[in-house]
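The values are calculated or read from the model by the stated rules, or taken from the named source; none is laboratory data. Predicted model only: the values in this text are computed from it and were never measured. Using ideal geometry, Cβ is built from the backbone for each residue, glycine included, and neighbour counts are taken over all protein chains shown.
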Amino acid sequence: MAGPVFLFFTWVLSFMFRPLSIFIGARYTRAKRRNHFISFISMTSMIGLSLGVLAMIVVLSVMNGFQREMSARILGMVPHASILGVKPLDDWRPAADAALKNPQVLAVAPLTEMEGMLSYKGAMQPIQVSGIDPVEEGKVSIVAQHIVQGSLQALKPGEFGVVIGEISARRFRLNVGDKLTLIVPEVSSAPGGITPRMQRLTVAGVFKVGAELDGSMAYIHMADAAQMQRWQPGQVQGVRLKLQDLYSAPQVSKAIAADLGGQYRADDWSHTQGSLFSAMKMEKTMIGLLLLMIIAVAAFNIIATLIMVVNDKGADIAILRTIGATPAQIMGTFMVQGTLIGIVGTLIGGVLGVIAALNVSQIVGWLERVSGQHIFTSDVYFISSLPSELQWGDVALICSAGLVMSFLATLYPAYRASQVEPAYALRYE
């Protein structure tokens, strides 16, 4: 008799202080149930949801870190945007001055690009050669910061020096001072239309940025590039731009080229490296969807938990209905219970995920010290540590997904509870 009396007073007081559904739902969540198996399933659902949120935050943060590292290395080497002349430019400074008038342009440097083949003792590889001014290049490129042998300033006009990447140097087993051959195509009046032009180069330096560009790029002096192209001394192909916002490169470069007139054309990083970054973005999206399945599985566990709770609390539901509780209030009670499980699990996972994402490099370093093994070595990977970049937008999206899934998981069990018939539930009481 004490049970129904307590429930009656609970129902009356709930209208005085708080909604009935929230009061009873919160009480069911924190109460010690007679059925320990249901408590275990509830805890499992909460832990599973926390682990899913934690894993998703950490993995996406690591992927953001990798994307940041690749962007800094690759887009620090290739031009953000280029303004190229239809014909070789006798003086590149007017184009540079016009580009600097755009607020998005941070720096400008002269540039001449060629494609060819490097040849050394019968071995060959394709290469993209950039003719640069070593003094100006540091304003728009990070190559000078990543020289491991020699110096970028060793490129002197007329000496035909070359700075190659570490992968190319390792492939050909080259060091500073060694000589190799650059083969570039040249349009001619011969029957084939194109003849190879060869130039002997001397290795003046080796750079290493930790990306595939270490095996596909090389630098020579712009005066040597002009001579190889049979241009006049001092002529260049165009200017290279360093931009404040990388993703505005297509619009900025086209606007500058249009202001300069029809003798100029625009190019930008999205033409050469856009597919790589599109693939990275798609990979992040797909991994995010796969990890979302972990959260979905944990949310579906809430369904099983609430169905068992509804079966266990059939008599309580019938008594509440008898003393006047509406089906909507009964439904709200179990929706509150399931949502509280989701909120607690999501918050715990979110907090732990943020802490782990901010300290993932230290955690990996500790594992390396404990195990004595290097997980990331510069000899195998392009990076020697695990990068991480926490984006609060990702955290908000992940936590929102966890909360929404948890709420949706409560609808069916709560609806079943609202349909319990008091007479049927109390027939054996």
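Residues are listed down the side, and each one gets a yes or a no for (1) at pLDDT below 80; (2) of a type outside the set (D, E, K, R); (3) surrounded by fewer than 17 Cβ atoms within 10 Å (Cβ to Cβ); (4) closer than 26 Å to residue 246 by Cα:
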site: 8; (1), (2), (3), (4): yes, yes, yes, no
site: 16; (1), (2), (3), (4): yes, yes, yes, no
site: 30; (1), (2), (3), (4): yes, no, yes, no
site: 84; (1), (2), (3), (4): no, yes, no, yes
site: 87; (1), (2), (3), (4): no, no, yes, no
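Determine, yes or no, whether residue 261 is closer than 26 Å to residue 108 by Cβ and either within 25 Å of the chain's Cα centre (by Cα) or not assigned by TED's automatic domain parsing to the domain that holds residue 170 (or both). When the stated conditions are applied, residue 261 passes them. Checking each residue in segment 325-334 for being modelled with pLDDT of 80 or more and surrounded by 24 or more Cβ atoms within 10 Å (Cβ to Cβ) picks out no residue at all. Scan segment 65-77 for residues that are buried (at least 19 other Cβ atoms within 10 Å of the Cβ) and either modelled with pLDDT of 85 or more or basic (Lys, Arg) (or both) and jot them down. The answer is 65, 73, 77.
Each residue in segment 337-367 was checked for being more than 17 Å from residue 55 (Cα to Cα), at pLDDT below 80 and surrounded by 14 or more Cβ atoms within 10 Å (Cβ to Cβ), and 2 of them qualify. Residues of segment 235-243 include at least one that is of a type outside the set (A, V, I, L, M, F, W, C) and either assigned to a loop (DSSP other than H, G, I, E, B) or in contact with a Lys or Arg (Cβ under 6 Å, 6 or more places away or on another chain) (or both). One residue stands out among those in segment 272-286 that are among the hydrophobic types (A, V, I, L, M, F, W, C) and within 15 Å of residue 213 (Cβ to Cβ): the one that is farthest from the chain's Cα centre (by Cα), which is 276. Is there a residue in segment 229-244 that is of a type in the set (D, E, K, R), touching a residue at least 40 places away in the same chain (Cβ under 8 Å), surrounded by fewer than 19 Cβ atoms within 10 Å (Cβ to Cβ) and more than 25 Å from residue 200 (Cα to Cα)? The answer is no; no qualifying residue exists. Of (1) in contact (Cβ under 8 Å) with a residue 40 or more places away in the chain; (2) over 29 Å from residue 57 (Cβ atoms); (3) exposed (fewer than 14 other Cβ atoms within 10 Å of the Cβ), residue 322 satisfies all except one. Which? Residue 322 satisfies every listed condition except (3).
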